[in-house]
Amino acid sequence: MKVKASIERGARYLCTKIGAVVVAIEQVAVVKGLAMWEVESEIGSGARRRFIVSQRALQPLAA
């Protein structure tokens with residue numbers, strides 16, 4: 001089940017949970033009515049790590 005959210009695939013967001021800029025990959029679940037997103041962050045010199053976070057933890061970057 002998908003939840004309509006303002007999060008877009010491929011867009012960059014500030015993840016308040018880990019304190020880093022991440023790229024939204026896809027919505028993977030709905031927990032208690034809240035969309036959970038798989039996001040990817042770059043660590044160091046190109047290593048990438050994926051996390052699953054709630055849509056509340058993703059803040060749009062200022063333009």
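Just so it is clear, none of the values below were taken in a lab; they were calculated from the coordinates. Predicted model, so just to flag it, every value in this text is computed and none were measured. As a convention, Cβ positions derive from the backbone with ideal geometry for all residues, glycine included, and neighbour counts pool all protein chains shown.
If I take every Cα pair under 8 Å that is 6 or more residues apart in the chain, average their sequence separation and divide by the length, what percent do I get for the relative contact order?
So the answer I get is 31 percent.
Could you go through region 41-47 in sequence order and give the Karplus-derived ³J(HN,Hα) for each residue, using 6.51 cos²θ - 1.76 cosθ + 1.60 with θ = phi - 60°, rounded to whole Hz, and x for Gly and Pro?
10, 9, 10, x, 9, x, 5
Which loop GluC sites (Glu not before Pro) in region 15-63, with loop taken from DSSP, have no more than 10 other Cβ atoms within 10 angstrom of their Cβ?
Passing sites in region 15-63 do not exist.
Just from the alpha-carbon atoms, what are the Rg and Dmax of the chain in angstroms?
11.3, 37
In nm, to one decimal, how far is the Lys32 label point from the Glu8 one, both placed 7 Å along Cα→Cβ?
Between Lys32 and Glu8, the simple spin-label model gives 3.0 nm.
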